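Here the structure comes first, spelled out in structure tokens, and everything after it is commentary.
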Amino acid sequence: MIVIGFILGTILGSFVKALADRSLGKKSFWGRSYCLSCHHKLAWYDLFPIASYILLRGKCRYCHKKIGIEYLLVEIGMGILVGFLFWQTPFVIARSEATWQSVFQSSILLVDLLSKTFFITILAVLFLTDLKKMLIPDRVIKPAIVIALVSLIVVTIYKVSYLYYSLSQSMVGRLLLPPHSDYFQRHAIAAAQPLMWGIFMGILIGGFFYGLIIITRGKGMGGGDVKLGAFIGLMLGFPQALFALILAFLTGAVFSIGLIIFGKKHFGQTIPFGPFLVLGSLIMLYWGNQIVDWYLKLGS
Ligand SMILES: [Zn+2]
């Protein structure tokens with residue numbers, strides 16, 4: 001599973017790099033990949049992540065111009081991120097015949113894995129664009145927010161429908177449906193929690209950044225951070241998104257102080273905040289439950 005995750009990650013890695021380059025270059029997202037110096041269209045055998053780069057020794061097959069090492073690094077980086085996600089995911093192979101319940105549980109697991117992979121991919125694109133040009137492109141973040149919201153709604157409807165269906169299949173279950181009991185309503189509300197918290201956290205974090213922009217009169221934060229904050233809130237929900245935000249501020253502060261100490265930047269100079277939001281979100285994606293548990297134990 002790690003190997004499958006890694007390979008999928010490297011493929012997504014070349015997609016991430018292309019998407020980041022094309023958004024910064026204001027080029028169309030559609031159309032085949034081509035060499036940036038000789039504009040020769042790349043053949044399918046030029047598009048194998050990592051392998052193509054190594055076989056061609058980092059040069060274009062057609063004009064022999066050097067291809068930046070960044071392509072290789074992004075592919076390997078994404079391979080590691082998605083490989084690690086797959087490694088963390090508890091894949092259970094059902095030995096018994098497929099029941100409604102096992103089909104439901106595997107489909108929820110699959111959707112969760114897909115949505116996390118999607119989250120990592122979008123974060124990686126925005127990490128690159130914000131780091132290079134301090135830009136969070138609308139062409140990436142806006143569709144990402146819409147996709148996140150729609151998939152949360154669809155998953156919620158799916159969960160509630162399954163709950164209704166599974167209850168209606170048995171005598172005892174039917175007694176838990178309205179008007180006999182409020183069991184169904186309570187569990188339906190529980191199933192809708194990720195959606196409701198996601199929307200709430202998205203508005204909260206996006207609104208928080210918007211407030212910062214107004215207070216600081218646009219120094220430090222940009223409109224891109226508002227949308228990225230909303231996206232992270234939607235995807236991570238409560239309390240994970242809040243922790244991601246705190247981690248972003250902490251790592252950002254440590255990094256900025258480091259830059260000032262080593263004389264690379266002076267106080268008040270802006271550095272992009274997006275990469276730290278990405279970092280905080282990834283930490284919460286992988287270790288969110290442990291961090292929240294640890295924090296709760298701290299308080300008790
Ligand atoms: Zn070329």
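Can you name every residue in segment 250-270 that is under 21 Å from Ile232 (Cα atoms) and either modelled with pLDDT of 95 or more or surrounded by 16 or more Cβ atoms within 10 Å (Cβ to Cβ) (or both)? Within segment 250-270, Leu250, Thr251, Gly252 meet the criteria. With respect to the stated conditions, Gln105 is free of Cβ contacts under 8 Å to residues at least 24 places away in the same chain, surrounded by 14 or more Cβ atoms within 10 Å (Cβ to Cβ) and polar (S, T, N, Q). All of (1) surrounded by fewer than 12 Cβ atoms within 10 Å (Cβ to Cβ); (2) at pLDDT below 90; (3) more than 29 Å from Leu135 (Cβ to Cβ) hold for Ile54 with one exception: (2).
Each residue in segment 62-75 was checked for being surrounded by fewer than 16 Cβ atoms within 10 Å (Cβ to Cβ), within 12 Å of the ligand (Cβ to nearest atom) and under 22 Å from Ile7 (Cβ atoms), and 0 of them qualify. For segment 239-258, the criterion of a residue being in contact (Cβ under 8 Å) with a residue 60 or more places away in the chain and under 19 Å from the mean Cα position of the chain (by Cα) is satisfied by no position. Listed by position, the helices (runs of 4 or more DSSP H) inside segment 1-89 whose residues that are in contact (Cβ under 8 Å) with a residue 60 or more places away in the chain and within 24 Å of Phe127 (Cβ to Cβ) number at least 2 are 2-24, 69-88.
Residue-wise test of (1) over 30 Å from Val226 (Cβ atoms); (2) among the hydroxyl-bearing types (Ser, Thr, Tyr); (3) within 16 Å of the ligand (Cβ to nearest atom).
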position	(1), (2), (3)
Tyr53	yes, yes, yes
Lys59	yes, no, yes
Phe84	no, no, no
Ser106	yes, yes, no
Ile136	no, no, no
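Figure legend. Inter-residue proximity from segment 112-126: first residues more than 12 Å from Val140 (Cα to Cα) and in contact (Cβ under 8 Å) with a residue 40 or more places away in the chain, second residues surrounded by fewer than 20 Cβ atoms within 10 Å (Cβ to Cβ) and among the polar types (S, T, N, Q), beta-carbon distance below 7 Å, spacing 6+ or different chains. Indicated pairs: Ser115/Ser151. Considered as a group, the residues in segment 8-51 that are surrounded by fewer than 12 Cβ atoms within 10 Å (Cβ to Cβ) and within 14 Å of the ligand (Cβ to nearest atom) include one that is nearest to Phe84 (Cα to Cα), and that residue is Arg32. In this structure, is Lys116 buried (at least 18 other Cβ atoms within 10 Å of the Cβ), under 20 Å from Gly233 (Cα atoms) and basic (Lys, Arg)? For Lys116, the condition - buried (at least 18 other Cβ atoms within 10 Å of the Cβ), under 20 Å from Gly233 (Cα atoms) and basic (Lys, Arg) - is met.
The values are calculated or read from the model by the stated rules, or taken from the named source; none is laboratory data. Since the model is a prediction, treat every value here as computed from it, not as a measurement. Cβ atoms come from the backbone with ideal geometry, glycine included; neighbour counts cover every protein chain shown.
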